[in-house]
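Here's the structure we're looking at; comments come further down.
Every number here is computed from the coordinates shown, using simple stated rules; none is lab data. Please read these numbers as outputs of a predicted model, since none were measured by experiment. Cβ: placed from backbone, ideal geometry, glycine included. Neighbour counts: every protein chain shown.
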Amino acid sequence: MKLGSEILYLSRDNIGALNIGMSDVISLLEESFLEKAKGNVDALPKIELHPKRDDNFINAMLCSFPKFNAAGLKWISAYPGNREKGLPYISGLIVLNDQETGFPMAIMEAGILTAIRTGAVTGLSAKYLARNNSQTVAILGCGVQARTQLEAVLAICPEITTVKTFDINFEAIDRFAQEMETRFKVRVEKVNNPQQAVEGSDIIITAGPILASPKPVIESSWLKEGCFGAPIDYDSYWQKSGFEAAARIYVDDVPQFEAHRVMGYFSAVPKVYGDLADLVSGKISGRLNDSERIIAINLGLSLEDIAVAALVYDHAKRKGLGQLLSI
C-alpha cells in the first residue's frame, strides 16, 4: 500500500475473517487504559448528534494513539427503529490515520468492531470488579452486543455455567440461546421478565437500546449481594435504587460520563468513584470483598475503538485482506 495515494478498505466480512480472540482484545484494552493513565493518549469525549431529536443518535469519536502510530475517527449511528426495517441498530465507519503524516491508512466497517470492543471493555471491568467465583450471568437484550458481552465475561470468569436471558422479542431469545449454548457450552435459561433474569445473578448485563427517556425496571431488591452490573445501554434499565445499591460505580472515562449527565442522561446515578485508567493502573481500588455490589457504566471511549482498529489494520495487512482504494 502506498501511503498518501491508497487506502485500505475493510468490510464487515474482512474483519470477521480475522477471528481476533476476545482475550487478546481485553488485554489490548488493558494496555490501552494503562497508556491513558500515563497521559499518552488523547481520547476526546463523544460528540453526539440527534438528527431527529429522539432516541436516534450519531456520534463522532476521536482519538490520537501514539503507541499504535494511529489516530482516528469513528462515525457511528444508533437508530432503534432500524430493527423494524430489517436493518442493524448500529452502523458506522472508522477512519484510521497515520500518526506521523496524517494520511488516512484505512476505512473499516464499525459495527462489528464496536460489538467486539464493547464486550471487551465489560470483560476488562469484570476482571477487576466481578467476583472470581461468578457462575450466573443475566443478559437483558439479545442483540449483537449480547453475544460479545457473553464471550467477554466467559473469557474472564470461566466458572460461569448459566446464562439467564430476557428480551421483549422472544424470537431473539431463542436465536441467542441456541447460538450461545452451541458455541460456549453454557446453559441458557430463557425467562419471562427482567426480574427473573436479574435475581440471583452474579453478573448483570443490560444491552437494550439507549433511550433518552427510559422506563427503568431494575431495583435494588433484585440485586444479589456481591453482584457486578454492566449497563451498556446507559441508564435505560436501572432504577435509581439499583444504582444506589452499588458500593462503587466506575466508568470508562469520567469527563465523558459527566458530559453525558449534562445531556440529560444518568440523573439517577450517584457520584462515580473513578474510571478504568485509574482502576487498571492501581490509582483507585477495585473489588474489596465478595459482598459488595459494584457497577461499571462504560459508555464506550474512542481509545477503545482506535486501539482495536489499529490491531485489525495490522492483522489485515499481514493476511492480505481488504481492498485497496485510490485516494
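When the GluC sites (Glu not before Pro) in the range 40-144 are filtered for DSSP coil states and for at most 16 other beta-carbon atoms within 10 Å of their beta-carbon, the remaining sites are Glu100.
Label-to-label distance for Phe103 and Ser220 is 5.9 nm, based on points extended 7 Å past Cα in the beta-carbon direction. Given +1 at the Cβ of Lys and Arg, -1 at the Cβ of Asp and Glu and no other charges, the dipole of the chain around its Cα centre is 160 debye to the nearest 20. Among Cys227, Cys142, the ranking by other beta carbons within 10 Å of each residue's beta carbon, starting with the fewest, stands as Cys227, Cys142. For the pair the range 223-257 and the range 35-109, the centres of their Cα atoms are 24 angstrom apart.
Give the calculated FRET efficiency between Glu258 and His50 to the nearest 0.05, with a Förster radius of 22 Å applied to their Cβ-Cβ distance. Between Glu258 and His50 the formula returns 0.70. Applying 1/(1 + (r/R0)^6) with r as the Cβ-Cβ distance of Ser267 and Lys38 and R0 = 30 angstrom yields a FRET efficiency of 0.35. Selection among Ala247, Ala259, Leu73 by position relative to the dipole of the chain gives Leu73 as farthest towards the positive end (Cβ unit charges, Cα centre). Only helices enter this figure: runs of n ≥ 4 DSSP H residues, each worth -39500 (n - 2.57), summed and divided by the residues of the chain, yield -10500 deg cm²/dmol at 222 nm to the nearest 500. A full extension of the chain between Glu31 and Asn69 corresponds to an added length of 12.2 nm, given 0.36 nm per residue minus the alpha carbon distance.
The relative contact order of the chain, computed from alpha carbon pairs under 8 Å that lie at least 6 residues apart in sequence, is 22 percent.
Once the Cβ-Cβ distance of Ala60 and Glu171 is raised to the sixth power relative to R0 = 41 Å, the FRET efficiency obtained is 0.75.
Taking a 28 Å limit on the Cα-Cα distance, which of the listed pairs Lys36/Lys190; Lys74/Lys127; Lys52/Lys164 fall beyond it? Pairs exceeding the cut-off: Lys36/Lys190; Lys52/Lys164.
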